[in-house]
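Structure first, commentary second.
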């Protein structure tokens, strides 16, 4: 199926992007690896696509005192090649390997994944586990939103009209583990787990278990694996998908928790 | 003995087989490797119009009103047509066959009139200057619908509370019963009786190239040229001729490169018929290429069976009887012209097929539902028959405490028992079950694997080994379709022409879809005539050029088309020797052809280059005797007739590991031992087997068209319908036993179905073998992690 | 309204300027506008990989990139990499191993495989399988493709 007709503008500056985004029916186009399929299935019909891929302000990976700032336009492939990510946020590196396939990782972006907020995607769950800060820019200034408040519903985020997702900032953690169960290499997972741990404790987030990525708050605080498994049932009320019931998803989430537990529970 | 004058499998003689049996790479592949193929969508035509279809969003609904006003005003739109408009140019069809007694189906139009019977059935067509514009206009069609009761489940269909086609009286398209007698006695006297019900998901072919047709009507000569991604060009020529009312000779079907077919592209599709009709109507070339979303809704689906099978066995482990009850749901129409009764019919014919029991009873129902239509897809019926046979055989072996391989050895029909008539009535010329079993066990080192399995179980690693013996229908005679009244050729023909330079042109009615048909024809032709492979050019897929024939389906290309090529090659060689004898003034019997030259038969001294023979025959026949006319173009045909089908046999094994925590299955290795008679090109045969195995793995682990209770297809995209990808597939070891068919000089049997036929059963048995110590069993394909977890009672 | 945007790109070494409707994805542009029909369309939702082409040196899904986004880019297709002989070793290995049947997936498969060849790594069979796991082939069962790539990279054959 062919995409419906729409207009296209490549923003030359953030200022121009802010102006264009006010137009009716405008949508941001970054890597396009989720948006373009939806256009090709005529599931989306924007009037204007604003291509932001030329904006330097949204690119690059920078080490900052508080952690790592990853520009919205950083592709999965760039992230995979980054030493800074390897040192500061290896969870993202582990997660990126699960995202689709090489040709898609060459175009798909960190910002696009976070802004789309697909509950089955890898980065939103990582952002939640890592307590990332999402940086949103607007022509009137910048707004910083913690990941826990950013993902609001199914494909719904805290991005307000006129705002563009510019970057995400990730604090450094000591240990991390990313696991997922997908029936085929590169598929969206049935369930995935993004977990981190350091002296302040453990943070375990799940993908594929609800309308948003879900922070398993009670299980994260549990003192033992058995307790965590018990508590996970309170954290997660997974929605069934085409192939898996809610009970299956919860079971698989527990399987992942068991596998991740050792890494997340090493003595400090 | 001279080159290939005896049957290639002649016992007790040494025959020069030339290229036959050699793994030569397929000639002419650089074209495809460089992206320079000619798939339908690659062709460029002036004034080409594009068609897109408005398809029913409902599984069953009356079309109360179609409003085309806005669509007709859309940019680039040439025409918007409903079913009645297209019916003026294309007559409807009814897909029944006389030998499937009692089969019934309603008339079907190219575009549905008044009523849509499945989600995705086309109810209007938009013709525009581009595909995008056609789709834009489709979105502007306004329709009023009245929803009708939907029949989705096969049991509901059978119960008949809602009848989809009231004129037919019930939802039963076809039913068949078969009984040798004595089955009840066998079961009542048996020490071991086992029973299980197996479910087979509905799946589809997912050819990477969507269905494609470009029809070009020439009003000046009332002729239609159809560029068509089809497996059966002559069948389609007949269909276009009869349903569009154009004389047969004025219809030419050209099949260039085809991007996968597997049975998907051997049927008559309403949207393709509409495209041809629209070309006639608009007097211009019109193209339709099914996009991926409409492929899922309109390419034929297959399988969807529920089969209860019982097996009776003596205490020594001898199988006494099979008892089968199969139901299959086919959508709202039997598919033209092969019908949708064949798959169920095959299940009845083939169940229990490898074994020597004498008592067999089967009951089978084919029912209508409001889902997409199903029809013959690769290995038609075999995956069902093999899996339920091999599944119940393993259950019996388990109950007896016998090793599955030993249980099979005890019960497989003996290799010296042929010819043999199986209790379902089918006849086997010669099979080699025991040889293939022995070779398989040796190749996989069965004993070592069993020992390793036992060792690993102690570490709570659950590996499974699954076997699946099988028989397969290949080289079909007219008994398949022709006797039922279908105008589908069971014979094929080949024309061989010696070119003046000594090259050979082969034209054959069997088509190429990537199996390597053209390569093996080149091998056979080169061997039969005595030229090198590089001298042979093969042309297929053009009703205007090739002899008449059936095309490519039911594993008939090598066995039937190949024999025609062999016969034509031998005849041409004889004619060439006549020319050489005349030129050289020698006795023909003294001459032979080898290495692109006429040689002395005994001394192999070169007498004449073929280029010289060609030069004289074509340009200087004045130098030949006055009463001599050279005949350097030869046509021969072949039809298998002694047996209804030339059965082949084989056996597969799967080694896999089940993770009882997650329910995930990891495939470790797969083996396939096949007896397809004379192997013409082992590399191509192995690739047929491997590709087929992976399609079978798809059925076992991944693929299922999932419908909601309202008849909506829920996973109709490549993101949601899971096909096997490289990452999960195992390496597949192939080996061969060669039992040539004596019906032909070539001795080749088919091989296209084998992999797909056996793999699902082997995988199922391996999973159940892995699960056995945990007391679980799965019987519903595909075996998703959830289904395995449910069997393990890890989730409800 | 087609909202056409003037776009300049280099395709297989040739600089091309066209006015392109934004809705046209890159592979439709290559096929329909430039007649480069070697890149195939198998799904148009980014799953099958038949449309894989190279943009600025990286492989991408041709159906998941708008042609107008290729403004200023260098695009290489199966035709270009065949003519430059860059793909010749892989093409020969595919031929010898019969790593294609219908050939519809082959251009995309070769583009993905060449990406691995160029990476300079010595991948295992599992790594080869992972790298081409986004390229669908219905015919071969993949083993011959893995064999051909392995032979090209590791000199096995």
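The values are calculated or read from the model by the stated rules, or taken from the named source; none is laboratory data. Just so you know, these numbers come straight off a predicted model, no measurement behind them. Quick reminder, even Gly has a Cβ in these numbers, built from the backbone with ideal geometry, and neighbours come from all protein chains shown.
The condition of being buried (at least 20 other Cβ atoms within 10 Å of the Cβ), over 18 Å from the mean Cα position of the chain (by Cα), within 14 Å of another protein chain (Cβ to nearest Cβ) and within 25 Å of residue B:132 (Cβ to Cβ) holds for only one of A:30, A:44, A:3, A:11, that being A:3.
If you filter the range B:659-678 down to residues that are within 14 Å of another protein chain (Cβ to nearest Cβ) and assigned to a loop (DSSP other than H, G, I, E, B), you find that the one that is nearest to residue B:523 (Cα to Cα) is B:664. Before we move on, is residue B:636 under 32 Å from the mean Cα position of the chain (by Cα) and modelled with pLDDT under 95? In short, no. For the range A:225-235, a residue qualifies if it is under 17 Å from residue A:260 (Cα atoms) and either crowded, with 17+ Cβ neighbours inside 10 Å or within 24 Å of the chain's Cα centre (by Cα) (or both), and the qualifying residues are A:225, A:228, A:229, A:231, A:232, A:233, A:235. In the condition set (1) within 30 Å of residue B:163 (Cα to Cα); (2) out of contact with any helix residue (DSSP H, G or I) (no Cβ under 8 Å at 6 or more places or on another chain); (3) buried (at least 24 other Cβ atoms within 10 Å of the Cβ), residue B:121 is compliant with all but (2).
For residues that are more than 14 Å from every other protein chain (Cβ to nearest Cβ) and either free of Cβ contacts under 8 Å to residues at least 40 places away in the same chain or touching a helix residue (DSSP H, G or I) at 6+ places or on another chain (Cβ under 6 Å) (or both), tally how many sit in the range A:240-268. Going through the range A:240-268 one residue at a time, the tally reaches 2. For the range B:443-482, the set of residues classified as more than 23 Å from residue B:651 (Cβ to Cβ) and surrounded by 19 or more Cβ atoms within 10 Å (Cβ to Cβ) consists of B:462, B:477, B:480, B:481, B:482, listed by residue number.
Can you confirm whether the range B:355-377 contains a residue that is touching a strand residue (DSSP E or B) at 6+ places or on another chain (Cβ under 9 Å), touching a residue at least 40 places away in the same chain (Cβ under 8 Å) and within 14 Å of chain C (Cβ to nearest Cβ)? Within the range B:355-377, one or more residues are touching a strand residue (DSSP E or B) at 6+ places or on another chain (Cβ under 9 Å), touching a residue at least 40 places away in the same chain (Cβ under 8 Å) and within 14 Å of chain C (Cβ to nearest Cβ).
Please determine whether any residue of the range B:460-476 is under 18 Å from residue B:234 (Cα atoms) and in a strand (DSSP E or B). The answer is no; no qualifying residue exists. Every test in (1) under 43 Å from the mean Cα position of the chain (by Cα); (2) surrounded by fewer than 24 Cβ atoms within 10 Å (Cβ to Cβ) is passed by residue B:576 save one, and that test is (2). Filtering C:99, C:113 for residues that are modelled with pLDDT of 95 or more, facing chain B (nearest Cβ under 9 Å) and either buried (at least 24 other Cβ atoms within 10 Å of the Cβ) or not in a loop (DSSP other than H, G, I, E, B) (or both) leaves a single hit, C:99. State all residues of the range B:744-774 that are within 22 Å of the chain's Cα centre (by Cα) and in a loop (DSSP other than H, G, I, E, B); if no residue qualifies, say none. The answer is B:744, B:746, B:747, B:749, B:750, B:751, B:752, B:753.
All conditions in (1) in contact (Cβ under 8 Å) with a residue 40 or more places away in the chain; (2) outside any helix (DSSP H, G or I); (3) under 18 Å from residue B:530 (Cα atoms) hold for residue B:642, with the sole exception of (3).
Please tell me if residue B:126 is crowded, with 17+ Cβ neighbours inside 10 Å, within 14 Å of chain A (Cβ to nearest Cβ), touching a residue at least 24 places away in the same chain (Cβ under 8 Å) and part of a strand (DSSP E or B). So residue B:126 passes the test. Here is a check on your reading of the model: is residue A:97 surrounded by fewer than 24 Cβ atoms within 10 Å (Cβ to Cβ) and over 15 Å from the mean Cα position of the chain (by Cα)? So residue A:97 fails the test. Selection within the range B:1-58: residues that are crowded, with 20+ Cβ neighbours inside 10 Å and at positive phi. The member of this set that is nearest to the other protein chains (Cβ to nearest Cβ) is B:35. For the range B:257-286, filtered to residues that are within 12 Å of chain C (Cβ to nearest Cβ) and not in a loop (DSSP other than H, G, I, E, B), the residue that is nearest to residue B:234 (Cα to Cα) is B:265.
Of everything listed in (1) out of contact with any strand residue (DSSP E or B) (no Cβ under 6 Å at 6 or more places or on another chain); (2) surrounded by fewer than 21 Cβ atoms within 10 Å (Cβ to Cβ), the single unmet condition for residue B:95 is (2). Screening residue C:33 against (1) closer than 27 Å to residue A:78 by Cα; (2) more than 7 Å from every other protein chain (Cβ to nearest Cβ); (3) in contact with a strand residue (DSSP E or B) (Cβ under 7 Å, 6 or more places away or on another chain) leaves a single unmet condition, (1).
Which members of the range C:116-125 meet the condition of being part of a helix (DSSP H, G or I) and more than 10 Å from chain A (Cβ to nearest Cβ)? C:117, C:118, C:125, listed by residue number. Against the criterion of being more than 8 Å from chain B (Cβ to nearest Cβ) and either over 10 Å from the mean Cα position of the chain (by Cα) or in a helix (DSSP H, G or I) (or both), residue C:107 does not qualify. Of the residues B:698, B:727, the single one that is within 18 Å of the chain's Cα centre (by Cα), in a helix (DSSP H, G or I) and over 22 Å from residue B:517 (Cα atoms) is B:698. Taken over the range B:221-249, the criterion of being more than 26 Å from residue B:42 (Cβ to Cβ) and assigned to a helix (DSSP H, G or I) is satisfied by B:238, B:241, B:242, B:243, B:248, B:249. When residue A:134 is tested against (1) buried (at least 24 other Cβ atoms within 10 Å of the Cβ); (2) out of contact with any helix residue (DSSP H, G or I) (no Cβ under 9 Å at 6 or more places or on another chain), just one condition goes unmet, and that condition is (2).
Of all residues in the range B:774-796, how many are at negative phi, away from every other protein chain (no Cβ under 14 Å) and out of contact with any helix residue (DSSP H, G or I) (no Cβ under 6 Å at 6 or more places or on another chain)? Within the range B:774-796, residues that are at negative phi, away from every other protein chain (no Cβ under 14 Å) and out of contact with any helix residue (DSSP H, G or I) (no Cβ under 6 Å at 6 or more places or on another chain) number 2. Can you spot a residue in the range C:70-77 that is buried (at least 24 other Cβ atoms within 10 Å of the Cβ) and within 12 Å of chain A (Cβ to nearest Cβ)? The answer is yes, given that some residue of the range C:70-77 is buried (at least 24 other Cβ atoms within 10 Å of the Cβ) and within 12 Å of chain A (Cβ to nearest Cβ). Checked against the criterion of being surrounded by fewer than 18 Cβ atoms within 10 Å (Cβ to Cβ) and in contact (Cβ under 8 Å) with a residue 60 or more places away in the chain, the candidates B:674, B:605, B:631, B:609 yield just one match: B:609. Within the range C:129-147, the residues that satisfy the criterion of being away from chain A (no Cβ under 12 Å), within 23 Å of residue C:82 (Cβ to Cβ) and part of a helix (DSSP H, G or I) are C:144, C:145, C:146, C:147.
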